[in-house]
Amino acid sequence: MARPTLVVWMAVGWMAIAEAKSKQHSKVDRMWRMQKKGCEMYECSHLNEWTNMNCVHECISAACYAEVYASEPLEDGEIDEYRYHKFLSCIRNDYRARARQLPKEEL
């Protein structure tokens, strides 16, 4: 009888951890998506959406772009999921580091 209860509590614990991580990512993701939209609308608006990804990525974070894409930039229309996830991870870490350094009203 103890096993089903244990399994239920473990499932509840995992759900709570997943929810906390999701909330942590959601704020950071909202921040970089807003910046991405600004880059697409202003800095990289002279390019069409199939050719502007290098421009947009560099606009969002020059440091993360240099780390992930600079040695081999994306070709027009290319989608590289592996490097995109590395770029997202870098951006999230960058935003979290900046959030720790700045007061909330400056973010």
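The values are calculated or read from the model by the stated rules, or taken from the named source; none is laboratory data. None of these values were measured; they are calculated from a predicted model. A quick note on method: Cβ atoms are made from the backbone with ideal geometry, for glycine too, and the neighbour counts reach across all protein chains shown.
Taking the condition of being without any contact (Cβ under 8 Å) to a residue 24 or more places away in the chain, among the hydroxyl-bearing types (S, T, Y) and within 19 Å of M31 (Cβ to Cβ), how many residues in the stretch 68-102 meet it?
Counting residues in the stretch 68-102 that are without any contact (Cβ under 8 Å) to a residue 24 or more places away in the chain, among the hydroxyl-bearing types (S, T, Y) and within 19 Å of M31 (Cβ to Cβ) gives 2.
Is it true that some residue in the stretch 79-87 is surrounded by 15 or more Cβ atoms within 10 Å (Cβ to Cβ), touching an Asp or Glu at 6+ places or on another chain (Cβ under 8 Å) and not in a helix (DSSP H, G or I)?
Looking for residues that are surrounded by 15 or more Cβ atoms within 10 Å (Cβ to Cβ), touching an Asp or Glu at 6+ places or on another chain (Cβ under 8 Å) and not in a helix (DSSP H, G or I), one finds none in the stretch 79-87, hence no.
If you scan the stretch 66-102, which residues turn out to be of a type in the set (D, E) and farther than 18 Å from T51 by Cα? Spell out how you get there, then give the answer.
So in the stretch 66-102, the residues of a type in the set (D, E) come out as 67, 72, 75-76, 78, 80-81, 94.
Scanning the stretch 66-102 gives E67, D94.
Which residue pairs have Cβ atoms under 6 Å apart, sit 6 or more places apart or on different chains, and have a first residue in the stretch 29-51 that is acidic (D, E) and a second that is surrounded by 10 or more Cβ atoms within 10 Å (Cβ to Cβ)?
If the second residue must be surrounded by 10 or more Cβ atoms within 10 Å (Cβ to Cβ), the pairs left are E40/V56; E43/C59.
Can you name every residue in the stretch 30-51 that is farther than 20 Å from N93 by Cα and surrounded by 15 or more Cβ atoms within 10 Å (Cβ to Cβ)?
Within the stretch 30-51, E40, E43, C44, L47 qualify.
Please find, within the stretch 52-67, the residue that is surrounded by the most Cβ atoms within 10 Å (Cβ to Cβ) out of those that are within 18 Å of E78 (Cα to Cα) and free of Cβ contacts under 8 Å to residues at least 12 places away in the same chain.
E58
Go through (1) farther than 27 Å from R100 by Cβ; (2) part of a helix (DSSP H, G or I); (3) modelled with pLDDT of 85 or more one by one and return the number of the condition C64 breaks.
(1)
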